[in-house]
Amino acid sequence: MTMRFAPVSESQITRAIVGEFAKEFENYAETDVIIVGGGPSGLVAGKELASAGVEVLIIERNNYLGGGFWLGGFLMNKLTVRSPAETILDELGVPYKEYNKVKVAGLYVADASHACSKLIAATCDAGVKILNMVALDDVVLHNEKVSGVVVNWSAVSALPKEIACVDPVSLESKIVIDATGHDASVVKKLEERGLLKIKGQGAMWVERSENLVVEHTSEFYPGLIVTGMAVSAAYGLPRMGPTFGAMLMSGKKAAEVAIEKLRV
Ligand code: 48F
């Protein structure tokens, strides 16, 4: 039997894309939580929040989600987590091995592609909406509280001003989460205005860093929660290198902090 696709024209396809995008963009111009950055910490935070019924929008400057979670380190796609973060791999249905049980306990290795794609799928399944190729330009500040973000297409900042003089647009939310990794881009917007001072990331010390990142995942400025490596940059904590347990656990904690704030 010959297969025949539905008779749909070019303009109908264009309308389907534009219509659905515009509807969603309009709905999410004001939302509960905006997460800037779709790496492991932002994705876990989004998944947890959406699963609890919170409206969440992730802003991601790349055309793909996952951030540093696609690779385990040094361009090698095996990633590690330390106990107890393997419980999140269990929740996501990601297979993993315990590494060299005899010498070290509680170190697990998984395929990065498998882990990252499962996390992205779980985040989308939970109902999180995503804006790709959109970068943070600034924050919305109302009465000394972060109340949203100012964004533009990622390409705009890469073009010379004489070609791309494009004003950004603003999106309002009750809470913003900075999940932009080492850059801590949202926090830095507040620092640029002299509203706070960040310490910048400390040197490598895996033993301490993962616990500290989760401990310090919190509201860093009214309306702004930090998660993942942005916590490290904001509080001057040691870096941890290629192990991801703290990113996943910090995402969970950021969601808990946000839910608590939304209740008030
Ligand atoms: O860097 P990233 O993976 O952050 P994370 O969730 O995890 C860090 C680990 O991957 C690794 C590590 C610990 O094991 O050291 O680095 O803290 O993901 C950050 C995401 O934010 C996006 C960026 O493209 C990436 O996907 N991002 C960064 N700045 C902006 C942004 C911005 N200004 N606007 C929009 N997205």
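Counting only DSSP beta bridges with both residues in the chain, the antiparallel share comes to about 55 percent. Cross-link partners among lysines for Lys118, C-alpha distance below 22 Å, same-chain residues fewer than 8 apart left out? Qualifying lysines at Cα under 22 Å: Lys47, Lys78, Lys97, Lys129, Lys252, Lys253. One Cα centroid belongs to the range 161-223, the other to the range 78-113; the line between them spans 28 Å. Mean separation of Cα pairs under 8 Å and 6 or more residues apart, divided by the residue count, gives the range 47-120 a relative contact order of 31 percent. What net charge do the residues around Val150 carry, taking every other residue with its C-beta under 12 Å from that of Val150, with Lys and Arg at +1 and Asp and Glu at -1? With Lys, Arg at +1 and Asp, Glu at -1, the net is -3.
Hydrodynamic radius of the range 110-264 by the Kirkwood approach over all distinct alpha-carbon pairs: 16.7 Å.
Its relative contact order, with pairs defined as Cα atoms under 8 Å and 6+ residues apart, puts the chain at 23 percent. Per-residue ellipticity at 222 nm, computed for the chain from helices alone with -39500 (n - 2.57) per DSSP H run of at least four residues, works out to -12000 deg cm²/dmol. Across the range 88-182, Cα pairs under 8 Å and at least six residues apart give a relative contact order of 18 percent.
Among residues other than Val231 with Cβ under 10 Å from its Cβ, the summed charge is -1 (Lys and Arg +1, Asp and Glu -1).
Here's the list of lysines a cross-link from Lys161 could span, going by alpha-carbon distance under 26 Å and ignoring same-chain residues fewer than 8 apart: Lys188, Lys189. When you filter the trypsin sites (Lys or Arg not before Pro) in the range 26-107 for DSSP loop state and at most 16 other Cβ atoms inside 10 Å of their Cβ, you are left with Lys101, Lys103.
Report the residue, chosen from Glu48, Glu26, Glu60, that carries the largest GNM mean-square fluctuation when the chain is represented by alpha-carbon nodes joined by springs under 10 Å. Maximum among the listed residues: Glu26. Stretching the chain fully between Lys199 and Met3 yields a gain of 64.5 nm (0.36 nm per residue, less the alpha carbon separation). Using the Cβ-Cβ distance between Phe21 and Lys261 with R0 set to 30 Å, the FRET efficiency from 1/(1 + (r/R0)^6) comes to roughly 0.55.
Summing charges over all other residues whose Cβ lies under 9 Å from the Cβ of Tyr108, with Lys and Arg as +1 and Asp and Glu as -1, gives 0.
Each reported figure results from applying straightforward, stated rules to the coordinates on display, with no laboratory input. These numbers come from a predicted model, not from an experiment. Glycine also receives a Cβ, built like all others from the backbone with ideal geometry; neighbour counts cover every protein chain displayed.
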